[in-house]
Amino acid sequence: MIVGMLLPAYAWLMLAVFLPLLTMLGFSFLKVAPFGNHPMVFTLEHYLAFVRRPYLVDVAWASLSLGFWTTGLCAAIGLPAALALARATRGRVKQVLFLLIILPFWTNGLVRVFSWTMVLRDGGILDLVIHFFTPHAPPQGLLYSYPAIIIGLVHAYLPYMILTCYLALASIDGALLEAAESLGARSLVIFWKIILPLSLPGLVSGSILIFVPVIGSFMEPRILGGRVGVTMGTMIEDQFTQAFNWPLGAALSFTMLAVVLVIFGVFSGALRNRLATS
Amino acid sequence: MIPLGRIYLLVVVAFLYLPIAVMVAMAFNASELYTLPLEVSFHWFEELAGNERLLAAGRNSVMVALVTSILATSIGTCAGLVLSRRKFRGRSLLQALLLPPIAVPWIITGTAMLVFFFWSGIGRGLHSMIIGHVALAIPYVILVVGTGLQTLNEELEQAAMSLGSKPAHAFLTVTLPLLAPSIVAAALFAFAVSFDQFVVSYFLATPGVTTLPVEIYASIRKGFTPEINAISTILLGVSMILILLFARLSHMGDVSDRR
């Protein structure tokens, strides 16, 4: 009975997620995709692409810095927002604000990215607003630039960070803060010594939830970055939709996955050490 | 301190809604450009009604999301019941296996599905999108149903059984009705996962057979038309309604007062 109820779900996941990932891992070691009459020839050359094609290193670095900027900005904006939500609101107001913050994050990401083009384009809303204050300002032309991609990504992923930080902060005992206050701690000290360490789990899980998809993002760089927006995500997309070099695309995907895992291995290890010593 | 926090929250909310509001406003604006004052018009929605490509994509989206929702909810609810009620060897492994579909970046899952479906002969198209979407939705259904079960009082079912009800009967007449809101919430969630899914659909679409997000992406890259604003506004409205219903059914707002 247990097996019968579990089998459909796990058989489905096997067919649609795990077998595909394994197949793609296999493909990444093939010289060419085994379609038509191509024989299966195994090679590591696609994993050496980073050595052979130095521009790929630049692309990877662009993706990583996109990840760091987005995650960092989300943390800088999101943690205070979560703090304000946890401490400065209550009851109905809190519920409404909570819902307002997480609502956009369940709507179509593509549509939200697209909506930024109308704000950032030449003569867009941002330009209109700037013109209103300084009539002779030149158009900002933010669309199709690196900052535009970051704005779109921060907008897309900020709710994750607010949510995870909020869940961490909501479990802090208010008495702890009152105790610190009554013992004369200033609010900056309280933030640094109590709130920040206790919200670390939220910051870490929020960072993981943001960093991983940002590294692989491709529609945000395409729509908001235009020609500037070349990332690992768009490189992978190209291999599957334009160049039809599936083995290279597969190798790039798994390299990206490995890099992400290593970074987070190091990052979460360092954070755990910090937590243990403080 | 308190008003400062609230002002900051309002600024954050404004940032989150600013581009969306601009887009919706433009969808209802008569002019193609940013001529102000806004002149309200349904012109772009009328254009939309004549755009057969977008309409066909819309029908596909709804169909795929409906089938995904039904399949994922029935399959996921069964698994969720067992995973949260029974203790058995390998349970934590099975729970851990729910993570990759959620955590692996969609571009990797999507391209992997493309490679495997193409290579194995399953092919691309709506059927393979459904296979993919159901897999993405199952972990969420299991989580939502599992959370719903945890808040239920298991003693109610035991009470029914101690009063002579058979386990299956007790489950069907006591637990299942109490669980119904969670199951409906899971179904809505699964619908939303599929309806808003872009990346996986994008890699599994064929030139003639697409869903709404894929079609919108193609239009954006081809060049801007205000019709995209109109269809995006509709898409946004549908997902917001779905998620508000979900929030109501699953008592998501209550999370905010948990201490």
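The values are calculated or read from the model by the stated rules, or taken from the named source; none is laboratory data. All values reported here derive from a predicted model rather than from experimental measurement. Cβ coordinates were reconstructed from backbone atoms using ideal geometry, including for glycine residues, and neighbour counts include every protein chain displayed.
Look at B:F191 and say whether it is more than 8 Å from every other protein chain (Cβ to nearest Cβ) and under 15 Å from the mean Cα position of the chain (by Cα). Explain how you work it out, then say what you get.
Values: more than 8 Å from every other protein chain (Cβ to nearest Cβ): yes; under 15 Å from the mean Cα position of the chain (by Cα): yes.
Taking the combined requirement at face value, the residue satisfies it.
Table: residues versus (1) in contact (Cβ under 8 Å) with a residue 12 or more places away in the chain; (2) at the interface with chain A (Cβ under 8 Å from one of its Cβ atoms).
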position	(1), (2)
B:H43	yes, no
B:A49	no, no
B:A57	yes, no
B:T68	yes, no
B:I75	yes, yes
B:S84	yes, no
B:L93	no, no
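Looking for whichever is crowded, with 23+ Cβ neighbours inside 10 Å, of a type in the set (D, E) and in contact with a Phe, Trp or Tyr (Cβ under 8 Å, 6 or more places away or on another chain) here; the options are A:E220, A:E237. Which one fits? Write out each step before concluding.
Values: A:E220 fails: in contact with a Phe, Trp or Tyr (Cβ under 8 Å, 6 or more places away or on another chain).
One residue alone meets the criteria, A:E237.
Residues in the stretch A:80-99 that are under 27 Å from the mean Cα position of the chain (by Cα), within 7 Å of chain B (Cβ to nearest Cβ) and within 15 Å of B:G5 (Cα to Cα): A:P80, A:A81, A:A84, A:L85, A:R87, A:K94, A:L97, A:F98. Within the stretch A:100-115, residues that are at the interface with chain B (Cβ under 7 Å from one of its Cβ atoms) reach no partner that is of a type in the set (D, E) and assigned to a helix (DSSP H, G or I) with beta carbons closer than 8 Å at six or more positions or on different chains.
Can you confirm whether B:G125 is away from chain A (no Cβ under 11 Å), touching a strand residue (DSSP E or B) at 6+ places or on another chain (Cβ under 8 Å) and of a type outside the set (K, R)? Before you say what the answer is, go through the steps one by one.
On the way: away from chain A (no Cβ under 11 Å): yes; touching a strand residue (DSSP E or B) at 6+ places or on another chain (Cβ under 8 Å): yes; of a type outside the set (K, R): yes.
The answer is yes for B:G125.
Those residues that are modelled with pLDDT of 85 or more and surrounded by 18 or more Cβ atoms within 10 Å (Cβ to Cβ), I need them from the stretch A:83-93; list them, please. Those that are modelled with pLDDT of 85 or more and surrounded by 18 or more Cβ atoms within 10 Å (Cβ to Cβ): A:L83, A:A84, A:L85, A:A86.
Identification of helices (runs of 4 or more DSSP H) wholly contained in the stretch A:164-223 with 1 or more residues that are modelled with pLDDT of 80 or more and under 26 Å from the mean Cα position of the chain (by Cα) yields A:196-215.
Residue-wise test of (1) crowded, with 20+ Cβ neighbours inside 10 Å; (2) modelled with pLDDT under 90; (3) of a type outside the set (S, T, Y).
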{"residue": "B:F116", "(1), (2), (3)": "yes, no, yes"}
{"residue": "B:S120", "(1), (2), (3)": "no, no, no"}
{"residue": "B:T151", "(1), (2), (3)": "no, yes, no"}
{"residue": "B:E155", "(1), (2), (3)": "no, yes, yes"}
{"residue": "B:A159", "(1), (2), (3)": "no, yes, yes"}
{"residue": "B:L178", "(1), (2), (3)": "no, yes, yes"}
{"residue": "B:D196", "(1), (2), (3)": "yes, yes, yes"}
{"residue": "B:T206", "(1), (2), (3)": "no, no, no"}
{"residue": "B:I228", "(1), (2), (3)": "yes, yes, yes"}
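The numbered conditions (1) part of a helix (DSSP H, G or I); (2) more than 20 Å from the chain's Cα centre (by Cα); (3) not charged (D, E, K, R) are all true for B:S165 except (1).
To keep it simple, each residue is scored yes or no on (1) more than 18 Å from the chain's Cα centre (by Cα); (2) over 30 Å from A:S115 (Cβ atoms).
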| position | (1), (2) |
| --- | --- |
| B:A21 | yes, no |
| B:V40 | yes, no |
| B:H43 | yes, no |
| B:V62 | no, no |
| B:A65 | no, no |
| B:L71 | no, yes |
| B:V104 | no, no |
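B:S201 fulfils the conditions (1) surrounded by 23 or more Cβ atoms within 10 Å (Cβ to Cβ); (2) modelled with pLDDT under 85 except for a single criterion, (2). Taking the condition over 27 Å from A:V214 (Cα atoms) and within 11 Å of another protein chain (Cβ to nearest Cβ), does A:T134 pass? So A:T134 does not fit the description; no.
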